[in-house]
Structure formats: structure tokens, C-alpha cells
1. So, taking all protein chains as they sit and a 1.4 Å probe, how much accessible area belongs to Val29, in Å² rounded to tens?
2. Starting at the first residue of segment 52-60, write each ³J(HN,Hα) from the Karplus equation 6.51 cos²θ - 1.76 cosθ + 1.60 with θ = phi - 60°, in whole Hz, x for Gly and Pro.
3. What is the dipole size for segment 25-86, taken about its Cα centre, with +1 at each Lys and Arg Cβ and -1 at each Asp and Glu Cβ, in debye to the nearest 20?
4. Kindly sort Phe84, Phe20 by accessible area of their heavy atoms, largest first, with the probe set to 1.4 Å.
5. Order the peptides 69-77, 142-150 from the highest to the lowest mean number of other Cβ atoms within 10 Å of their residues.
6. At 1.4 Å probe size, with no ligands or nucleic acids counted, give the accessible surface of Glu55 in Å², nearest ten.
7. If you scale each eigenvalue of the Cα gyration tensor by 5 and take the root, what three semi-axes come out for segment 1-82, rounded to whole angstrom and sorted largest first?
8. Give me the one-decimal nm value for the distance between modelled label points at Asp85 and Thr23, 7 Å along each residue's Cα-to-Cβ direction.
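The values are calculated or read from the model by the stated rules, or taken from the named source; none is laboratory data. Quick caveat: nothing in here was measured; it's all calculated off a predicted structure. Quick reminder, even Gly has a Cβ in these numbers, built from the backbone with ideal geometry, and neighbours come from all protein chains shown. In case anyone asks, the SASA skips ligands and DNA or RNA and just uses the protein heavy atoms, side chains included. Shrake-Rupley method; radii C 1.70, N 1.55, O 1.52, S 1.80 Å.
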Amino acid sequence: LIASAGVPWTLVRATQFFEFVGTIAGAAVIDGVARVSSASIQPIASADVAAKVAEAALAPPRNGMIEIAGPERLPMAELVKRHFDGIGESRKVITDDTAPYFGVLLEDRWLTPTGDAWLSKRRYSDWLALVTAYQRGRSLYEGRDGMGELERDWGLLLHSPGSPWRYDLHALIDESQQ
């Protein structure tokens, strides 16, 4: 439809965002156990997506698609396990290829780039470490343990029009570590 419209265009196709891994993990939990597909996933930070969309918007139209993804391709069950480990939640994760992903049975390559893709350098584990460090610092500042509220608070930050975060997470670490 887009290509046949006769209007110059560029489409940026991004893989799943880091920011939604917690939601994916939570949706997979049934009776205290996460049942997750082994389908491949290659998530990317939304800040990297925003930067590439802005770059594409300012560049001449390509009349084609740009694919972007995170640097690590891994089974979704492994990503969910890393998420729970990263937030300090002891949760059993079972690889189950009959487990739905928001109601759909995944094919292995649906959540990965299909061709040559621009790959960000930011890994999920690094991003999650920054998010949890923020929450720990906030807990210390407020004098209470807010780690159990990480998922809820992160969702509020994502959806808040007046987010108190003035910097992207990657700006909190020096460039040599990115």
C-alpha cells in the first residue's frame, strides 16, 4: 500500500522494545510459573528507535524499509529469565513453544529483523542494570524499598507526559561503556 501510493517514503521497522520486556514476562506467568516460547527475539531500547526514526525523518526518502534491532538475538524464554534475574525476582521460567505471546503462537523469526539491519550497541542486561540502579537510588532517597514497584513505576514513567527523567538512560553512562 505504501510503496504503491506514489509518495516518497521510508519505513522504520523496529523489533520489540526493552521497555516492554517486563510486560512480556508478566503476561507469561500462569500459576507462578513463566511459560515462554523459544522463538527468537532481538529487543532494542526505545531511545535507539527514536534516534533512528528521527534520522530517517530528516534524511531523503529511501522508498524502502530500514530494519533496526538490538545487538543480541536470543530465545524469548532466555530474555524473560534474564529479566526476572535482573530485577531480583526468583521465578521459574519454562520453555514452552505452545505458550502464546499475547494470544498468538510465535514463529521463530517474527520478532527479529528479516534482512540486513542496523544493530544498536545497547544490550538488554546493561539497560536493565541502569533501570534497577535508578530504582535502588530512588529507594535510598525516599528511605523505603521501592524495588518491588519497579514494573509499576517504569510503566508510569513511560506513560507520564511530565516524566521527571530529563536524560536518556544511555546518557547516564560514559560512551566507552555503551
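1. Per-residue accessible area (Val29): approximately 40 Å².
2. Per residue, the Karplus-derived 3J(HN,Hα) values read 6, 5, 4, 4, 5, 5, 8, 8, x Hz.
3. On the way: 6 positive and 7 negative charges, 19 e Å.
Magnitude of the dipole: close to 100 debye.
4. Numbers: Phe84 10, Phe20 80 Å².
Ranked from most to least accessible, the order is Phe20, Phe84.
5. Details: 69-77: 20.1, 142-150: 13.1.
Per-residue mean Cβ counts within 10 Å order the peptides as 69-77, 142-150.
6. Glu55 has an accessible surface of roughly 110 Å² with all protein chains in place.
7. Details: eigenvalues 210, 34, 21 Å².
In descending order the semi-axes read 32, 13, 10 Å.
8. Placing both labels 7 Å beyond Cα along the Cβ direction yields 2.5 nm.
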